[in-house]
Amino acid sequence: MIKLFSCLIIFNFFQAVFSQEKIQNSTFQIESSKEIPIELNILITSIQIALGSEKILPIVLNIDSYARVLTKEDIFLIGKVEIYKTILKTNENSKKAIIDGNSLKILKESLHKVNEPFLKWFLSALLADCNTLLNSPKFKEYLLQKNAGHLENLEFKKIDKKVQLLFRWISKLNPDTQDFEEVIKQELIPSMMDSLQNIEKSFYLMATSTSFAPFPGLITSTDELKFFSVIKIAPAKELKQKEKSIEDILAPVTEEVKPPEAILVEPSKEDWLNLDNSPSNLKNLPKPSDDTNWLQDF
């Protein structure tokens with residue numbers, strides 16, 4: 001598999017980064033457990049931030065249902081592969097596709113200007129892939145063969161496929177624009193939803209054909225969730241300002257001015273309960289690592 005997205009990170013990081021206030025237009029928040037891939041954790045939370053929790057709840061219920069009869073290895077493998085393949089897969093083929101030093105420059109500049117975790121994670125993975133590709137001993141030979149119009153060699157064809165996949169996203173990056181992060185995030189959202197739906201379909205195929213345990217059926221209530229949980233979000237209370245009467249407005253003018261009473265100064269008390277709840281630093285985001293080759297699936 002192309003070197004992409006495989007990551008190790010403490011689950012509590014996501015609990016700190018994603019506060020309930022960030023989930024838009026929802027009365028609840030879906031939280032993931034350690035029993036599913038960290039990639040899927042980020043994906044689900046980012047979709048909630050962009051589209052709300054209600055849109056993906058039926059899919060999450062199904063994924064949770066199917067996962068009950070799958071092994072942990074299958075859950076992690078399918079969960080990761082479907083995200084990788086769906087986001088990268090494309091039928092586009094550009095003759096101008098190239099990965100070079102400028103590609104690295106664009107990715108590094110883009111990384112400095114994004115905060116959304118899934119997007120930061122995705123760009124970090126693209127950067128790692130580009131570095132791996134440029135440092136490959138076969139890459140220079142591939143460039144010579146491509147410039148000469150000879151890419152019959154299977155290994156060079158695979159390299160060219162990687163270049164096409166990476167170039168497709170890098171060509172969309174324009175970190176110098178003011179709304180850069182929002183534009184690329186909107187570009188990613190359809191692929192993110194497709195990824196989640198493809199995971200649901202793949203889990204279904206595995207769950208209904210596995211010989212390890214019979215599929216017990218779909219759950220219909222959030223109370224039955226095993227791999228996820230639903231947390232209610234308390235509605236924000238609006239502070240209504242009390243309307244001032246005429247008497248209130250005229251009070252400073254009409255009331256007698258009394259000399260201020262002596263105020264006894266109390267000893268200061270340190271607040272030992274004041275905890276630092278600021279989110280974790282985003283530079284602790286997952287780093288990609290190598291995986292198996294899957295380009296033949298395209």
- request: Determine, yes or no, whether LYS89 is within 20 Å of the chain's Cα centre (by Cα), under 15 Å from GLN164 (Cα atoms) and basic (Lys, Arg).
  value: yes
- line: Taking the range 47-56 and keeping only residues that are within 15 Å of the chain's Cα centre (by Cα) and assigned to a loop (DSSP other than H, G, I, E, B), one is left with GLY52, SER53, ILE56
field: Residues located in the range 101-117, provided they are among the acidic types (Asp, Glu) and modelled with pLDDT of 95 or more
entry: GLU109
message: Taking the criterion of being surrounded by fewer than 18 Cβ atoms within 10 Å (Cβ to Cβ), out of contact with any helix residue (DSSP H, G or I) (no Cβ under 9 Å at 6 or more places or on another chain) and within 26 Å of LEU40 (Cα to Cα), would at least one residue in the range 185-192 satisfy it?
response: yes
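Mind counting the residues in the range 141-171 that are more than 34 Å from the chain's Cα centre (by Cα) and in a helix (DSSP H, G or I)? Before the answer, list the steps.
If we filter the range 141-171 for residues that are more than 34 Å from the chain's Cα centre (by Cα), which is where we start, we get 141, 144-153.
This time we only want the ones that are in a helix (DSSP H, G or I), so: 141, 144-147.
Of the residues in that region, 5 qualify.
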message: Anything in the range 57-73 that is basic (Lys, Arg) and either under 23 Å from the mean Cα position of the chain (by Cα) or surrounded by 22 or more Cβ atoms within 10 Å (Cβ to Cβ) (or both)? List them, or say none.
response: LYS72
- request: Go through GLU82, GLU21, GLU73, GLU35 for me and flag whichever is acidic (Asp, Glu), at pLDDT 90 or above and closer than 23 Å to LYS185 by Cβ.
  value: GLU82
ILE99, sole failed condition from (1) in contact (Cβ under 8 Å) with a residue 40 or more places away in the chain; (2) surrounded by fewer than 20 Cβ atoms within 10 Å (Cβ to Cβ): (2)
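Pick out the one residue from ASN91, ASN62, ASN115 that is within 23 Å of ASN198 (Cα to Cα) and either assigned to a loop (DSSP other than H, G, I, E, B) or aromatic (Phe, Trp, Tyr) (or both).
Values: ASN62 fails: either assigned to a loop (DSSP other than H, G, I, E, B) or aromatic (Phe, Trp, Tyr) (or both); ASN115 fails: within 23 Å of ASN198 (Cα to Cα).
Being within 23 Å of ASN198 (Cα to Cα) and either assigned to a loop (DSSP other than H, G, I, E, B) or aromatic (Phe, Trp, Tyr) (or both) holds for just one of ASN91, ASN62, ASN115, which is ASN91.
Every residue, every condition in (1) surrounded by fewer than 18 Cβ atoms within 10 Å (Cβ to Cβ); (2) within 25 Å of GLU224 (Cβ to Cβ), yes or no:
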| site | (1), (2) |
| --- | --- |
| LEU51 | yes, yes |
| LYS55 | yes, yes |
| ILE75 | no, yes |
| THR90 | yes, no |
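From the list ASP64, ASP129, which one is touching a Phe, Trp or Tyr at 6+ places or on another chain (Cβ under 8 Å), under 26 Å from SER202 (Cβ atoms) and of a type in the set (Asp, Glu)?
Numbers: ASP129 fails: touching a Phe, Trp or Tyr at 6+ places or on another chain (Cβ under 8 Å).
Matching residue, one of ASP64, ASP129: ASP64.
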message: Going residue by residue through the range 110-128, is there one that turns out to be surrounded by fewer than 14 Cβ atoms within 10 Å (Cβ to Cβ) and of a type in the set (Ser, Thr, Tyr)?
response: no
query: Quick check: is even one residue across the range 63-70 in contact (Cβ under 8 Å) with a residue 24 or more places away in the chain, within 28 Å of ASN174 (Cβ to Cβ) and either small (Gly, Ala, Ser) or touching a helix residue (DSSP H, G or I) at 6+ places or on another chain (Cβ under 9 Å) (or both)?
result: no
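Can you confirm whether LEU133 is under 23 Å from the mean Cα position of the chain (by Cα), buried (at least 17 other Cβ atoms within 10 Å of the Cβ) and either at pLDDT 95 or above or among the hydrophobic types (A, V, I, L, M, F, W, C) (or both)? First the steps, then the outcome.
Numbers: under 23 Å from the mean Cα position of the chain (by Cα): no; buried (at least 17 other Cβ atoms within 10 Å of the Cβ): yes; either at pLDDT 95 or above or among the hydrophobic types (A, V, I, L, M, F, W, C) (or both): yes.
Here the answer is no, as LEU133 does not meet what is asked.
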query: Do we find that ASP100 is farther than 19 Å from ILE38 by Cα and acidic (Asp, Glu) in this structure?
result: yes
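The values are calculated or read from the model by the stated rules, or taken from the named source; none is laboratory data. Remember, predicted model here, so these are calculated numbers, not experimental data. As a convention, Cβ positions derive from the backbone with ideal geometry for all residues, glycine included, and neighbour counts pool all protein chains shown.
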